[in-house]
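Colleague: Pasting in a structure now, in structure tokens, and then I'll have a few things to ask.
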Amino acid sequence: MVKLLEKICDGRGELADMEKLEKLGRTIKSGSLCGLGATAPNPALTSLKYFRSEFISHVKDKRCPAVVCKSLVNYRVVAGKCTGCQRCVSVCPTGAITGPRSEPHNLDRSKCIKCRSCYEICRFDAIAGDAIIIES
């Protein structure tokens, strides 16, 4: 199940993978001999039930509407919102964000590992995540 979910989150999934995921989850749930095994597939099955449109976007459109799947998002600095406070610079583990204090910073995508640290720490919404659409 994990491999199927990873494939979908990477933008490499197919509709058949969603069907396999559901079938596998139901099989594990009904065939398990213990409570843990019977409930293990619940997160995937519940996600498929209530967030099917998200899965379909990943599979058909090759994009992540929530802009969280690393393979389907790029981050950037919104110059008009960046105050140059350097909070993002201090948390970036790869040094992808640079710039002098009190001036808008730059983000080098070739160094960015998409860890979201900059996005999470920015108080000014100056880090934006852009959905990537993978061409099939």
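Colleague: Those residues that are surrounded by fewer than 16 Cβ atoms within 10 Å (Cβ to Cβ) and within 17 Å of Ser117 (Cα to Cα), I need them from region 55-69; list them, please.
Modeller: Scanning region 55-69 gives Ala66, Val68.
Colleague: Out of everything in region 2-37 that is crowded, with 16+ Cβ neighbours inside 10 Å and hydrophobic (A, V, I, L, M, F, W, C), what residue ends up being farthest from Arg52 (Cα to Cα)?
Modeller: Of everything passing the filter in region 2-37, Ile28 is farthest from Arg52 (Cα to Cα).
Colleague: Here is a follow-up. Quick one: Cys64 ticks every box in (1) over 18 Å from the mean Cα position of the chain (by Cα); (2) closer than 30 Å to Phe124 by Cβ bar one, so which box is it?
Modeller: It is condition (1) that Cys64 fails.
Colleague: Which number in (1) farther than 22 Å from Gly129 by Cα; (2) surrounded by fewer than 15 Cβ atoms within 10 Å (Cβ to Cβ) marks the one condition that Val78 misses?
Modeller: (1)
Colleague: Tell me, which residue of region 102-115 that is charged (D, E, K, R) and without any contact (Cβ under 8 Å) to a residue 40 or more places away in the chain is nearest to Leu72 (Cα to Cα)?
Modeller: Of everything passing the filter in region 102-115, Arg109 is nearest to Leu72 (Cα to Cα).
Colleague: Related question: Scan region 71-105 for residues that are more than 30 Å from Arg12 (Cα to Cα), among the polar types (S, T, N, Q) and not in a loop (DSSP other than H, G, I, E, B) and jot them down.
Modeller: Ser90, Thr98
No lab work stands behind these numbers, since they all come straight from the coordinates. This one's a predicted model, so the numbers in the text were calculated from it and none came from an experiment. Cβ: placed from backbone, ideal geometry, glycine included. Neighbour counts: every protein chain shown.
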